[in-house]
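The values are calculated or read from the model by the stated rules, or taken from the named source; none is laboratory data. Everything numeric in this text was worked out from a predicted model, so none of it was measured. Because the Cβ atoms are built from the backbone with ideal geometry, glycine has one as well, and the counts that use them run over all protein chains shown. For accessibility, only protein heavy atoms count, side chains too; no ligands or nucleic acids. Shrake-Rupley method; radii C 1.70, N 1.55, O 1.52, S 1.80 Å.
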Amino acid sequence: MTRTVKTFWIWCAMFGEKALELVRELKRSQDGNLPPYNDDGIRQVVEEMRTLFEQNQLEVRATTDGERGLLSGIQLRHACLERNQRCLLAYVHHRMTRIRDYRWQTGSVLPPSFRLSLCEQEIQWFTRYNRSLATYMRSIAPTGLDLTQHLQPPKSLLVEVRCLEDYGEFEMEDGTVVLLHKNTQHYLPRSQCEPLIRQGVLEHIH
Amino acid sequence: MSSLTQSSSSTPSYSSGVPSSAAHYRQPPAAAGGAGDFFDLGDILASQQRVPAQFEQTVYRLGFLDAQSSGEHIQSGAKMELPLWLARALGGRRRNIVRIDLPKQYRQQQRDILRADANVVDLFKQGPYFYLMGVKLLFFDHMERSDLAKSLLETFLNRFRRIMDTSHHAFSSDVTMFTTRLDETERVLFHIGQRSVAAMEKWERGRSHRIEASDVVQKRRKRKRED
Amino acid sequence: MEPAEVEFLAEKEQITIVPNFSENKLYLISGEFGPFNPSMQTRVPLWLAINLRQRQKCHIVPPDWLNVDYLTEKKSEEAAESFFTAMPSPNYMEVSSLVLNNAAEDVPKADEVRTLVKDIWDLRQAKLKKGVDQMISQQETFAKLDNLTLMEMNCIRPFLTAALDHLHLLHNHATSYTSSQAD
């Protein structure tokens with residue numbers, strides 16, 4: 001039994017390396033875009049954890065059966081287990097924070113480029129978060145209150161904007177439709193085009 | 001993802017990523033931007049840095065960790081460089097599987113250099129998490145512990161003024177050279193200062209009222225331009 | 001807080017305008033203002049004054065401190081004192097910025113006034129940095145700084161609190177590990 005365990009471990013280098021790679025990947029990306037969800041990496045770390053755990057189970061049982069000298073090995077493996085767990089949780093948590101920040105800074109719709117970086121569960125989380133936020137915002141005032149708007153105090157009711165891409169038709173609250181073609185300029189109510197500016201569709205000129 | 005919720009037979013405490021019996025030592029939260037030390041990426045990376053350690057007991061069946069020996073077990077007396085998180089799990093209070101030594105950059109000689117003039121030292125090279133790691137080293141009951149603690153504090157106090165002053169200066173090559181010698185904590189501090197100044201200048205020029213695309217969008221645009 | 005948010009709070013301060021239109025009293029949340037009659041001075045909140053000025057419906061009467069004479073004396077006073085002197089308005093920076101940017105024609109020697117305000121701001125900033133440096137290097141847990149305005153405090157707040165957090169971390173460790181402490 002010892003031999004098979006040893007053979008397996010030679011291949012495994014130092015514990016926690018893969019988990020750390022995940023953390024490093026996120027740290028590197030802090031000033032850039034969110035990297036795609038590292039499914040493979042996570043799976044490898046969970047595998048390592050499973051093996052460590054099973055080995056520890058065996059040795060704990062052996063110790064209760066009377067074998068001596070195994071405690072330090074058990075402690076070491078346990079430390080590695082916890083380290084892996086911490087790295088994985090931090091990975092998931094950090095991504096969750098960034099996805100949540102996306103909702104507040106940009107909007108409730110995930111553009112395909114951002115969506116690609118998210119795993120299925122993260123997309124589901126975003127949808128549920130959106131829903132919770134919308135429910136809450138509807139409940140705090142008779143007509144609802146968009147908390148994600150006016151992140152800076154507004155200076156005017158209307159703003160002059162330039163369209164940066166071909167967005168198409170945009171329906172205003174009063175029913176009028178504006179055609180947002182690239183390079184056209186418009187004079188629109190601030191509250192209604194703020195989300196489009198934040199998403200990069202429009203540019204605030206004045 | 002559901003496999004993560006499988007609980008192990010012993011439920012470890014999560015308060016500081018350290019096995020539960022050592023949780024009585026409460027690590028203060030990572031400062032200057034750390035959002036609580038458990039989830040903080042910087043704190044995880046800081047605790048990854050290696051520290052010289054000597055095994056005081058034989059550890060069975062994990063001999064493969066010792067690159068210098070080919071034995072099945074780690075012999076008592078074996079010396080290895082271990083990541084701080086592992087050294088902490090195996091050494092320190094109530095655990096004496098390993099005994100640690102201070103890494104070079106925290107020893108007397110380096111502390112003397114810092115005392116002479118803390119401002120000339122490249123703390124990023126010594127780190128990059130010089131303060132965070134230094135604080136973590138204080139966990140171990142080491143002869144030079146109180147000296148090290150004082151040294152960390154004094155180093156920060158001596159470097160602080162220059163960090164504050166430079167963060168208020170406009171972006172320039174001198175400034176970049178300055179920041180390359182700051183450790184991660186100092187860098188965060190520096191950027192906080194810079195951001196306040198930039199926000200103030202933007203307001204003075206009357207550009208604060210302009211709504212801007214969100215950070216995510218701006219980063220994506222920047223990346224597209226660079227491609 | 002963002003400077004824009006500090007400015008938003010400052011806009012509540014009242015200022016004198018000379019309207020060129022007629023209007024009955026306005027009943028706003030912050031109070032009653034008006035009635036408005038051409039050439040009759042009246043007090044309104046700054047945000048309203050700026051809005052009216054932008055639509056060319058009034059002129060702004062600069063506050064009695066927003067002029068070269070007062071500010072020149074204030075600047076010497078500020079330079080002579082090692083502490084912060086009391087400012088004529090707790091929002092001097094915001095008020096002068098808004099008035100000068102939107103109604104420069106209403107302020108005599110506007111450029112000179114602008115420079116003087118900036119000079120006073122810079123003098124106070126230098127004192128603030130000195131105070132912060134002292135606070136950190138002497139490891140003081142609190143400092144009493146009278147007469148600081150919100151905009152000035154806001155500039156230094158993120159940096160100072162982050163630095164103090166880090167200092168606190170290091171300080172705790174330095175004091176808790178005396179060489180005689182047993183494990």
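Quick rundown of the values:
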| quantity | calculated |
| --- | --- |
| Those residues of segment A:64-76 which are hydrophobic (A, V, I, L, M, F, W, C), facing chain B (nearest Cβ under 8 Å) and under 29 Å from residue B:39 (Cβ atoms), in sequence order | A:76 |
| Scan of segment B:50-76 for residues that are in contact (Cβ under 8 Å) with a residue 40 or more places away in the chain and more than 8 Å from every other protein chain (Cβ to nearest Cβ), ordered by number | B:50, B:51, B:52, B:53, B:54, B:55, B:56 |
| Single residue of C:139, C:125, C:134 found to be on the phi > 0 side of the Ramachandran plot and either surrounded by fewer than 18 Cβ atoms within 10 Å (Cβ to Cβ) or facing chain B (nearest Cβ under 10 Å) (or both) | C:139 |
| Some residue of segment B:165-173 being at pLDDT below 85, buried (at least 16 other Cβ atoms within 10 Å of the Cβ) and among the hydroxyl-bearing types (Ser, Thr, Tyr) | no |
| Number of positions in segment B:51-67 that are open to solvent by less than 40 Å² (accessible area, probe 1.4 Å) and charged (D, E, K, R) | 1 |
| Residue identified as over 15 Å from the mean Cα position of the chain (by Cα) and either crowded, with 21+ Cβ neighbours inside 10 Å or over 30 Å from residue B:201 (Cβ atoms) (or both) among B:150, B:136 | B:150 |
| Pick from segment C:27-56, criterion without any contact (Cβ under 8 Å) to a residue 12 or more places away in the chain and surrounded by 13 or more Cβ atoms within 10 Å (Cβ to Cβ), ranking: farthest from residue B:197 (Cα to Cα) | C:34 |
| Positions within segment A:113-149 being within 14 Å of chain B (Cβ to nearest Cβ), part of a helix (DSSP H, G or I) and small (Gly, Ala, Ser), in sequence order | A:113 |
| Failed item in (1) modelled with pLDDT under 95; (2) open to solvent by 30 Å² or more (accessible area, probe 1.4 Å); (3) over 30 Å from residue B:86 (Cβ atoms), with residue A:98 passing the rest | (3) |
| Yes/no for residue A:61 being within 10 Å of chain B (Cβ to nearest Cβ) and open to solvent by 70 Å² or more (accessible area, probe 1.4 Å) | no |
| Segment C:71-100 residues that are free of Cβ contacts under 8 Å to residues at least 12 places away in the same chain, paired with ones that are assigned to a loop (DSSP other than H, G, I, E, B) and polar (S, T, N, Q) (beta carbon under 8 Å, 6 or more apart) | C:77/C:85 |
| Selected residue (criterion: most open to solvent (accessible area, probe 1.4 Å)) from residues of segment C:1-23 that are touching a residue at least 12 places away in the same chain (Cβ under 8 Å) and assigned to a loop (DSSP other than H, G, I, E, B) | C:12 |
| Any hit, segment B:110-128, residues being within 20 Å of residue A:75 (Cα to Cα), modelled with pLDDT of 85 or more and either buried (at least 21 other Cβ atoms within 10 Å of the Cβ) or more than 14 Å from chain A (Cβ to nearest Cβ) (or both) | no |
| Residue A:56, sole failed condition from (1) out of contact with any His (no Cβ under 7 Å at 6 or more places or on another chain); (2) more than 8 Å from chain B (Cβ to nearest Cβ); (3) at pLDDT 90 or above | (1) |
| Check on residue A:87, open to solvent by less than 30 Å² (accessible area, probe 1.4 Å), more than 16 Å from residue B:214 (Cβ to Cβ) and in contact with a Gly (Cβ under 8 Å, 6 or more places away or on another chain) | yes |
| Criterion: within 23 Å of residue B:89 (Cα to Cα), within 7 Å of another protein chain (Cβ to nearest Cβ) and surrounded by 16 or more Cβ atoms within 10 Å (Cβ to Cβ) - qualifying residue of A:19, A:79 | A:79 |
| Pairs, first over 10 Å from residue A:56 (Cβ atoms) and part of a helix (DSSP H, G or I) in segment A:67-80, second open to solvent by 40 Å² or more (accessible area, probe 1.4 Å) and of a type in the set (Ser, Thr, Tyr), C-beta under 7 Å, six or more apart | A:71/A:63 |
| Subset of segment B:81-94 [surrounded by fewer than 19 Cβ atoms within 10 Å (Cβ to Cβ) and at pLDDT below 85] | B:93, B:94 |
| Filtered residue count, segment C:66-81, keeping only those that are in contact with a helix residue (DSSP H, G or I) (Cβ under 7 Å, 6 or more places away or on another chain) and small (Gly, Ala, Ser) | 1 |
| Any pair with Cβ under 7 angstrom, 6 or more apart, that starts in segment C:151-180 at a residue that is facing chain B (nearest Cβ under 7 Å) and surrounded by fewer than 16 Cβ atoms within 10 Å (Cβ to Cβ) and ends at one that is part of a helix (DSSP H, G or I) and small (Gly, Ala, Ser) | C:178/B:146; C:179/B:146 |
| Scan of segment B:132-164 for residues that are of a type outside the set (A, V, I, L, M, F, W, C) and more than 7 Å from chain C (Cβ to nearest Cβ), ordered by number | B:134, B:136, B:142, B:144, B:147, B:151, B:154, B:155, B:158, B:159, B:162 |
| Count of segment C:78-108 residues which are of a type outside the set (D, E, K, R) and part of a helix (DSSP H, G or I) | 13 |
| Hits in segment A:130-154 (condition: over 24 Å from residue B:213 (Cα atoms), at pLDDT 90 or above and either exposed (fewer than 12 other Cβ atoms within 10 Å of the Cβ) or of a type in the set (D, E, K, R) (or both)) | A:132, A:135, A:138, A:139, A:140 |
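Condition check ((1) more than 21 Å from residue A:20 (Cα to Cα); (2) among the hydroxyl-bearing types (Ser, Thr, Tyr); (3) in contact with a helix residue (DSSP H, G or I) (Cβ under 6 Å, 6 or more places away or on another chain)) across all residues:
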residue	(1), (2), (3)
B:96	yes, no, no
B:100	yes, no, yes
B:125	no, no, no
B:128	no, no, yes
B:131	no, yes, yes
B:134	no, no, yes
B:149	yes, no, yes
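For (1) closer than 30 Å to residue A:200 by Cβ; (2) among the polar types (S, T, N, Q); (3) not assigned by TED's automatic domain parsing to the domain that holds residue B:54, each residue gets a yes or a no:
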site: B:119; (1), (2), (3): no, yes, yes
site: B:129; (1), (2), (3): no, no, yes
site: B:133; (1), (2), (3): no, no, yes
site: B:139; (1), (2), (3): no, no, yes
site: B:153; (1), (2), (3): no, no, yes
site: B:161; (1), (2), (3): no, no, yes
site: B:167; (1), (2), (3): yes, yes, yes
site: B:189; (1), (2), (3): no, no, yes
site: B:203; (1), (2), (3): yes, no, yes
